[in-house]
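Q: Pasting in a structure now, in structure tokens, and then I'll have a few things to ask.
The values are calculated or read from the model by the stated rules, or taken from the named source; none is laboratory data. This structure is a prediction, so every number in the text was calculated from the model and none was measured. Don't worry about glycine lacking a Cβ; one is built from the backbone with ideal geometry, like all the others, and counts go over all protein chains shown. To get the accessible areas, we keep the full protein, side chains included, count just its heavy atoms, and leave off ligands, DNA and RNA. Shrake-Rupley method; radii C 1.70, N 1.55, O 1.52, S 1.80 Å.
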Amino acid sequence: MTDPLGALRAAQTSGLMPPGRLLIACSGGADSLALLHAAAAVGGWDLGAAVVDHGLLPHGGPACRAVEAAAGQLALPVFVLPVVLGDGRGPEDRARRARLAALEACARQEGFPLIALAHTREDQLETVLMRLAEGAGVRGLGGMAAARGCLRRPWLGVSRADVRDWGAARGLLPVVDESNDDPRFLRNRIRHELLPAFDRVFGPGWRGAAAASAEHARQADALLDDLAARVEATAVRQVGAELAVRGLSSAPPVVGRRVLVRVLRRLGTAPRRDRTTLAALEAVGPGSVDLPGGLRARRAGDTLWLGPRPRPRSPAPEAVLVPGPGSYRWGEVLVRVAPDDGTGDQRVDAAAAPFPWTLRAVAVGERVHLLGAPGRKRVARLFSDAGVPASARGGPVLADAQGIVWIHGLRAVERVRHRSGPAWRIEVHPVGESSGALLASDA
């Protein structure tokens with residue numbers, strides 16, 4: 001037998017739920033109603049009760065009235081939280097998301113640093129079995145955490161039967177949720193069919209052993225996360241909008257995968273159970289691969305590059321003839337060529353680049369010897385090395401009969417380096433801006 005009160009006292013002394021303000025999430029069901037009364041019996045907390053009204057029976061009026069009555073008996077404040085179900089993978093997931101969001105908002109507003117949930121050992125076992133069937137890794141096999149954010153689950157090691165026996169012995173009258181017997185829900189089939197079948201095969205002792213295994217998995221998960229954080233600190237760097245991941249091949253595969261999960265989360269996606277995404281990342285070659293969540297991955301040598309998928313580019317504007325000094329529009333930018341007065345950084349030697357010029361897009365595979373750079377390189381590589389966003393790599397460029405003279409976002413080429421005599425100054429402005437100042441990307 002596991003003692004519900006003893007588990008609460010242990011949670012208090014261990015720091016899981018230290019004395020102070022504590023909000024009890026109470027649905028009016030047997031487990032949460034017992035948690036409310038047990039926490040009051042242990043003492044040491046300034047308690048409040050919160051009941052979420054989903055607007056559906058029994059998660060409506062009956063549940064709210066039951067919780068209000070229980071809180072009234074204990075002279076505790078009660079907060080009724082109406083919710084509307086949002087997005088999720090199914091009705092249970094949608095309800096859970098709405099419930100947790102409402103509870104966390106109430107705790108912040110009312111000044112409760114912690115929220116206690118009445119999940120028991122059997123809730124944990126049901127969760128672990130569902131995740132096992134989904135092919136979960138060590139994190140999933142750890143089940144629910146006793147502490148996550150402001151949420152606390154002090155009864156994960158206490159059996160559901162002991163919790164309910166404790167409540168029944170004190171005459172508690174919970175609200176009966178008939179949906180808990182509905183076989184359409186996977187958790188209910190596990191609860192009413194699979195757990196009893198395991199009892200018959202292994203004996204009732206398997207429940208405690210399996211709960212201990214889940215705790216071992218959670219400890220292993222914490223260690224794995226620590227190892228991944230250390231690898232991430234040296235293997236991952238930010239370059240513009242992309243993350244460069246280098247040297248994962250030297251880490252154990254399980255650590256490498258955890259690093260990739262952490263990187264994906266940094267980029268705004270959560271591949272919690274998406275093995276397809278991780279497999280695609282591990283297999284990506286020299287080309288690029290589009291991933292869920294609007295991401296793109298590519299590999300260059302031992303470096304894996306991850307970043308937002310570039311938006312489809314609009315067709316490049318038509319080339320514009322530049323017969324001499326003046327202002328010329330190309331798409332949404334205005335390029336001005338004027339005699340150099342010594343104030344501009346974008347300077348082109350007049351003798352080295354005779355007119356006419358052309359204002360146009362970058363050609364695929366085009367190479368230049370950029371001013372001050374060592375030798376010729378593809379323009380795409382120069383943009384990448386300079387950290388220019390992919391959306392800004394299309395141009396324009398100014399070109400004469402010999403090729404590119406100047407590149408928007410970079411600078412002029414080596415062959416037009418100004419040494420003496422007349423020179424042209426190049427300025428770039430957004431269309432509609434009359435200022436003569438250079439754009440930051442061209443300074």
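Q: Please determine, by comparing only the residues of segment 281-292 that are surrounded by fewer than 17 Cβ atoms within 10 Å (Cβ to Cβ) and either polar (S, T, N, Q) or not in a loop (DSSP other than H, G, I, E, B) (or both), which one is nearest to the chain's Cα centre (by Cα).
A: Ranking the candidates gives 290 first.
Q: Among what's in segment 293-332 and is within 18 Å of residue 259 (Cα to Cα) and not in a strand (DSSP E or B), pick the residue that is modelled with the lowest pLDDT.
A: 293
Q: Still on this model: Kindly provide the set of residues from segment 128-148 that are closer than 15 Å to residue 160 by Cβ and in contact (Cβ under 8 Å) with a residue 60 or more places away in the chain, ordered by number.
A: Selection gives 128, 129, 143.
Q: Looking only at residues in segment 101-110 that are touching a residue at least 40 places away in the same chain (Cβ under 8 Å) and either within 23 Å of the chain's Cα centre (by Cα) or open to solvent by 40 Å² or more (accessible area, probe 1.4 Å) (or both), which one is farthest from residue 161 (Cα to Cα)?
A: The residue in question is 110.
Q: Do you know which residues across segment 133-158 are more than 23 Å from residue 115 (Cβ to Cβ) and part of a loop (DSSP other than H, G, I, E, B)?
A: Matches in segment 133-158: 134, 135, 136, 137.
Q: Conditions: (1) without any contact (Cβ under 8 Å) to a residue 12 or more places away in the chain; (2) open to solvent by less than 30 Å² (accessible area, probe 1.4 Å); (3) more than 24 Å from the chain's Cα centre (by Cα). Residue 93 meets all but one. Number of the miss?
A: Of the numbered conditions (1) without any contact (Cβ under 8 Å) to a residue 12 or more places away in the chain; (2) open to solvent by less than 30 Å² (accessible area, probe 1.4 Å); (3) more than 24 Å from the chain's Cα centre (by Cα), the odd one out for residue 93 is (3).
Q: Just for segment 333-352: of the residues that are more than 13 Å from residue 419 (Cα to Cα) and open to solvent by less than 30 Å² (accessible area, probe 1.4 Å), which one is modelled with the lowest pLDDT?
A: Ranking the qualifying residues of segment 333-352, first place goes to 344.
Okay, residues lined up against (1) at pLDDT 90 or above; (2) assigned to a helix (DSSP H, G or I); (3) of a type outside the set (D, E, K, R):
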{"residue": "172", "(1), (2), (3)": "yes, no, yes"}
{"residue": "191", "(1), (2), (3)": "yes, yes, no"}
{"residue": "211", "(1), (2), (3)": "yes, yes, yes"}
{"residue": "218", "(1), (2), (3)": "yes, yes, no"}
{"residue": "221", "(1), (2), (3)": "yes, yes, no"}
{"residue": "229", "(1), (2), (3)": "yes, yes, yes"}
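Q: Give the residues of segment 160-205 that are open to solvent by less than 90 Å² (accessible area, probe 1.4 Å) and closer than 17 Å to residue 28 by Cβ, sorted by residue number.
A: Those that are open to solvent by less than 90 Å² (accessible area, probe 1.4 Å) and closer than 17 Å to residue 28 by Cβ: 160, 163, 166, 167, 168, 171, 172, 174, 175, 177, 179, 180.
Q: Next question, about the same structure. If residue 47 passes every condition in (1) open to solvent by less than 40 Å² (accessible area, probe 1.4 Å); (2) modelled with pLDDT under 95 but one, which one does it miss?
A: Among (1) open to solvent by less than 40 Å² (accessible area, probe 1.4 Å); (2) modelled with pLDDT under 95, residue 47 violates only (2).
Q: What do you reckon, is residue 215 closer than 30 Å to residue 389 by Cα and surrounded by 15 or more Cβ atoms within 10 Å (Cβ to Cβ)?
A: Considered against the rule, which asks whether it is closer than 30 Å to residue 389 by Cα and surrounded by 15 or more Cβ atoms within 10 Å (Cβ to Cβ), residue 215 comes out as no.
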